[in-house]
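First comes the structure, then the notes that go with it.
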Amino acid sequence: MSIDRFILRKLNTCQEEHTRANLVRLFVIRIRKAEIAEEHDAAYVLSKLH
């Protein structure tokens, strides 16, 4: 199971507010990191085209 699915599954079942907030923060960090990596990959591809 991927870490993203694990986080989502825990968010669905977690009832402790502090833990839920930490899981949300962790998921947001992972999303931002993926967006940065995607932008970097796109820039790399574009640089190779020119």
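Laboratory data are not the source of any read-out in this text; all were calculated from the coordinates shown. None of the values given here were measured: they were computed from a predicted structure. Here the Cβ is made from the backbone with ideal geometry for all residues, glycine too, and neighbour counts use every protein chain on show.
Taking the range 1-28, which residues are among the acidic types (Asp, Glu) and loosely packed, with under 10 Cβ neighbours inside 10 Å?
Matches in the range 1-28: 16, 17.
What pairs can you find where one residue is in the range 12-35 and free of Cβ contacts under 8 Å to residues at least 40 places away in the same chain, the other is loosely packed, with under 11 Cβ neighbours inside 10 Å and assigned to a helix (DSSP H, G or I), and their Cβ atoms are less than 9 Å apart, with a gap of 6+ or different chains?
What qualifies is 26/3; 30/3.
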